[in-house]
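Here's the structure, in structure tokens; my notes come after.
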Amino acid sequence: MKRRKFVVKSIKGFPIILLSPTILTNSCVDGGDKKSDTDKTVIVIGAGISGLAASKKLKDEGFKVIVIEAQDKVGGRLITNRSLGVAFDEGASWIHGINGNPITALAQEAGMNTFETVDENRKSYDAGGLLRTPMSYDEAEEELYAILETLKTNGNINQSFEDVFRSLYPLKYNDRLWKFFLSTYITFDTGDLNNLSSLLYDEGEIFEGEERIATNGYDTIATFLAKDLMILFNERVSSIDYTNSKVKVTHNGNVSEADYVLLTVPLGVLKANTIKFFPILPEFKQTAIQKVGMNCVNKFLLIWDTAFWDDVQYISYTPEIRDKFNYFLNVKKFHPQVNALMTFAYSNYSIFTESNSDQAIINEIMNHLRDIYGPNIPDPVKMLRTKWQSNENSFGSYSYTAVETEMRHFEELAQEIDNKLFFAGEHTEIDYFSTVHGAYLSGIREAEKIIKLM
């Protein structure tokens, strides 16, 4: 699954050599080898990849680091469910572009196995089970890329992508194949088209190279980074008081103090206002939290006794309703012993699925598969699913550029306060927001800010 595959931009930012995790986590700000001589304490809130990356770097530099985590395990949105005998990554699954990507080397060091997924290894079916020709699919895909290159010239800050696209291309807007493209190429990578910025939909830098999916669990990276860190599990932070020289963090009714606090909770948690700040956050920070969007993508892993589907990597289906179980990843391609497909729901429909029973979800998915492969294929014997919008530890999946978002909002989300309260997470990384590598780099960035204060 190519992340932001429609973005055609030059890669900027760190040179490739600086993106090596070993160099990033072990480098000193003065370029030397000795640790900082400090008795300073840092509380890191959240044991996702940004919090763990920052904690490891700070600990290596001699800081006393305490990680406070609301869940009973590390990883944050890097959650792997192995209950069915196969690693089902509920959050991130792919390394999006391996060339120069810091996650590439980090995955190797951590022992995360990967498999290259090739977007072109696919079959596409229309409603009624009609197999679409590769040429018709490819021609429409190329036309989509061309449209995305110029659509922003007709947008404005108060108008959504959907409004502009529908006004310019009404026939395409109602075409089933184009609904699929808008859903899986745009909504999946960004957010609700009705709230996606018509100016900034293609913002964000990419790494080139193969797309590789984790096969033994993305949480192996989190486990690797967490080694030897002091982590308090099942501790939910309710307030942060940065009034005085020491910052006070209240968690489960207890109060801990530190010289610095790094907050790495997802944007959805900030939007939900479940953490109180004393004094309240500056207006620019509150505005940024409000204006940047938070997408919701849910995943569904289904297992059968016997495979009945095409021996390709991806199977697409183009129903009338957008964002609904229209893309199937063939898990059997990288786990040959497992007869499984993974499918997705996006944005508003994704949120809607969270109130549906497992059987209702299976029925909807099977309606699509039976339209492709016939009425006699069996129901799956097992299913796993996610509910990211109602998950109190995230309230969504990842950030995107919504209507009224300005790119400076990502920088303002990253802006520290009084050199005491710092912020990390994918939503704070202007070039790589919504990605694992963006979250990782944000943690390194904030650790370096704290180190430079010594």
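Might you check whether a residue that is among the aromatic types (Phe, Trp, Tyr) and over 30 Å from residue 203 (Cβ atoms) occurs anywhere in the range 369-379?
yes
List the number of the failed condition for residue 342; all other conditions in (1) in a helix (DSSP H, G or I); (2) in contact with a strand residue (DSSP E or B) (Cβ under 9 Å, 6 or more places away or on another chain); (3) assigned by TED's automatic domain parsing to the domain that holds residue 185 hold.
Unmet condition: (1).
In the range 429-453, how many residues are in contact (Cβ under 8 Å) with a residue 24 or more places away in the chain and touching a Gly at 6+ places or on another chain (Cβ under 9 Å)?
Looking only at that region, the number is 11.
I'm trying to understand the selection: among the residues of the range 390-427, which are polar (S, T, N, Q) and either free of Cβ contacts under 8 Å to residues at least 60 places away in the same chain or surrounded by fewer than 22 Cβ atoms within 10 Å (Cβ to Cβ) (or both)?
Scanning the range 390-427 gives 390, 391, 393, 415, 419.
Determine whether the range 169-181 contains at least one residue that is hydroxyl-bearing (Ser, Thr, Tyr) and touching a residue at least 12 places away in the same chain (Cβ under 8 Å).
yes
Do you know which residues across the range 278-288 are touching a residue at least 60 places away in the same chain (Cβ under 8 Å) and either in a helix (DSSP H, G or I) or closer than 21 Å to residue 393 by Cβ (or both)?
Across the range 278-288, the qualifying residues are 281, 284, 285, 287, 288.
When you look at residue 123, is it part of a strand (DSSP E or B), farther than 30 Å from residue 50 by Cα and charged (D, E, K, R), yes or no? Before you say what the answer is, go through the steps one by one.
On the way: part of a strand (DSSP E or B): yes; farther than 30 Å from residue 50 by Cα: yes; charged (D, E, K, R): yes.
Spelling it out, residue 123 is indeed part of a strand (DSSP E or B), farther than 30 Å from residue 50 by Cα and charged (D, E, K, R).
Looking only at the range 133-154, filter to residues that are in contact (Cβ under 8 Å) with a residue 40 or more places away in the chain and within 26 Å of the chain's Cα centre (by Cα); which one of those is farthest from residue 317 (Cα to Cα)?
152
Residues to consider are 299, 271; find the one that is surrounded by fewer than 23 Cβ atoms within 10 Å (Cβ to Cβ), at pLDDT 95 or above and part of a helix (DSSP H, G or I).
Of the residues listed, the single one that is surrounded by fewer than 23 Cβ atoms within 10 Å (Cβ to Cβ), at pLDDT 95 or above and part of a helix (DSSP H, G or I) is 271.
Got a sec? Which helices (runs of 4 or more DSSP H) wholly within the range 158-214 have at least 1 residues that are in contact with a strand residue (DSSP E or B) (Cβ under 9 Å, 6 or more places away or on another chain)?
161-168, 176-181
Residue by residue, here is whether (1) part of a loop (DSSP other than H, G, I, E, B); (2) closer than 23 Å to residue 92 by Cβ; (3) under 17 Å from the mean Cα position of the chain (by Cα); (4) of a type in the set (Val, Ile, Thr) holds:
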| residue | (1), (2), (3), (4) |
| --- | --- |
| 359 | no, no, no, no |
| 365 | no, yes, no, yes |
| 372 | no, no, no, yes |
| 377 | yes, no, no, yes |
| 384 | no, yes, no, no |
| 399 | no, yes, yes, no |
| 410 | no, yes, yes, no |
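The values are calculated or read from the model by the stated rules, or taken from the named source; none is laboratory data. Fair warning: this is a prediction, and the values are worked out from it, not measured in the lab. Quick reminder, even Gly has a Cβ in these numbers, built from the backbone with ideal geometry, and neighbours come from all protein chains shown.
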